[in-house]
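See below for the structure under consideration.
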Amino acid sequence: MRSPVYPITDDHIHIDPVNGRGVEAAKDFFRAGGTHIFLVSKPSWSLGVHPVCGADYARVFDETIRVAGMVAETGVVVFPVLGVHPAEIGRLTERMSLREAADLMMAGLDCAAQYVKEGTAVALKSGRPHYPVEEEVMALSNEVLAHALFLAADCSCALQIHAESGPCSDVVRMAREAGIPVERVVKHYATPDTPLHPSFIAKYEGIADLVRSGRPFTLESDYMDENSRPGAVIGPKSVPRYTKKLLEAGLITEDDCHRIHGETVQKVYGVDITLA
């Protein structure tokens, strides 16, 4: 295979060899022209983990690191992102109080932060429910998110957040209080009205306009790699294919590719994006 002339980075993807296609999905990404991925840990329940203390999340994180090693053998450069999915609060409150659930999620994030400090992972993941919940649930979810922001600041790493569609403007204040640059708070599945760093699904139609505006952004597939939901959210080939489609249509240039998939990624995550 010819060496790539520009990087193509998927900012948010899951690879699951137990419940999905696993390494075969990563090979699809690579064959389509993909070079780098941010491999995001899956919710605990999807891996059969039912935590009762923060250390129990290590089983989820260790599995993510194990899969990262498998994917790296395909030629894809892998950056693990670890954290606690915001929907965990609903699962946990089936067997404990709301306060206990929030405390457990924060302890899980403490566990994830240790992996970042050790250099095993590059970023954290948190957020709040993206669906209607009771006021108390949202308040405690924001407490968990605030804790994640403080941890990311302490680790000097980026934080990906999974939250409601829209700007999430209040997170700017939360980030400033935590001491983390807003540019390092990544709004997963973003809309252009967010003041946070946007990571757009690789079918968003406004990419060319964003490139012309000079706004930094990244692209993601949010591929879930679950056999029960094939192709959700979009497939593993999507980021490379969409990038090449824009390039072939003359809507972006190779310099834009380097900026989107290389320079911007490096600034947000503090990683090196190099080509073999």
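What number goes with the only condition from (1) closer than 28 Å to A32 by Cβ; (2) touching a Leu at 6+ places or on another chain (Cβ under 8 Å); (3) in a loop (DSSP other than H, G, I, E, B) that H85 does not pass?
For H85, the exception is condition (2).
Quick check, is A112 in a helix (DSSP H, G or I), under 16 Å from V84 (Cβ atoms), touching a residue at least 24 places away in the same chain (Cβ under 8 Å) and touching a Phe, Trp or Tyr at 6+ places or on another chain (Cβ under 8 Å)?
Spelling it out, A112 is indeed in a helix (DSSP H, G or I), under 16 Å from V84 (Cβ atoms), touching a residue at least 24 places away in the same chain (Cβ under 8 Å) and touching a Phe, Trp or Tyr at 6+ places or on another chain (Cβ under 8 Å).
Going by the conditions given, is L124 of a type in the set (A, V, I, L, M), free of Cβ contacts under 8 Å to residues at least 40 places away in the same chain and crowded, with 19+ Cβ neighbours inside 10 Å?
So L124 fails the test.
Exactly one condition in (1) outside any loop (DSSP other than H, G, I, E, B); (2) surrounded by fewer than 16 Cβ atoms within 10 Å (Cβ to Cβ); (3) in contact with a Phe, Trp or Tyr (Cβ under 7 Å, 6 or more places away or on another chain); (4) not aliphatic (A, V, I, L, M) is not met by F79; state its number.
Result: F79 fails condition (2) only.
From the set of residues in the stretch 213-236 that are surrounded by fewer than 21 Cβ atoms within 10 Å (Cβ to Cβ) and among the small types (G, A, S), which is nearest to A26 (Cα to Cα)?
G235
Being at pLDDT 95 or above and in contact with an Asp or Glu (Cβ under 6 Å, 6 or more places away or on another chain): is that true of H188 here?
Taking the combined requirement at face value, the residue does not satisfy it.
Of the numbered conditions (1) over 16 Å from the mean Cα position of the chain (by Cα); (2) buried (at least 17 other Cβ atoms within 10 Å of the Cβ); (3) within 23 Å of R259 (Cα to Cα), V71 satisfies every one except a single condition; which is it?
It is condition (3) that V71 fails.
Any idea which residue in the stretch 15-54 is farthest from the chain's Cα centre (by Cα), counting only those that are assigned to a loop (DSSP other than H, G, I, E, B), surrounded by 24 or more Cβ atoms within 10 Å (Cβ to Cβ) and not polar (S, T, N, Q)?
G34
Go through R99, R95, R91 for me and flag whichever is loosely packed, with under 15 Cβ neighbours inside 10 Å, more than 16 Å from the chain's Cα centre (by Cα) and either hydroxyl-bearing (S, T, Y) or assigned to a helix (DSSP H, G or I) (or both).
R99
Here are some conditions: (1) over 14 Å from the mean Cα position of the chain (by Cα); (2) within 30 Å of D103 (Cβ to Cβ). I207 meets all but one. Which one does it not meet?
Here I207 clears every test but (2).
With the requirement that a residue be within 18 Å of E263 (Cβ to Cβ) and crowded, with 23+ Cβ neighbours inside 10 Å, what does the stretch 179-197 give you?
Hits for the stretch 179-197 are V186, H197.
Which members of the stretch 252-276 meet the condition of being aliphatic (A, V, I, L, M), farther than 12 Å from V211 by Cα and either touching a Leu at 6+ places or on another chain (Cβ under 9 Å) or assigned to a helix (DSSP H, G or I) (or both)?
Those that are aliphatic (A, V, I, L, M), farther than 12 Å from V211 by Cα and either touching a Leu at 6+ places or on another chain (Cβ under 9 Å) or assigned to a helix (DSSP H, G or I) (or both): V265, V268.
Within the stretch 239-251, how many residues are hydrophobic (A, V, I, L, M, F, W, C) and either without any contact (Cβ under 8 Å) to a residue 24 or more places away in the chain or farther than 15 Å from D209 by Cβ (or both)?
3
The values are calculated or read from the model by the stated rules, or taken from the named source; none is laboratory data. What you see is a predicted model; the values in this text were computed from it and never measured. All Cβ positions, glycine included, derive from the backbone under ideal geometry; neighbour counts span all protein chains shown.
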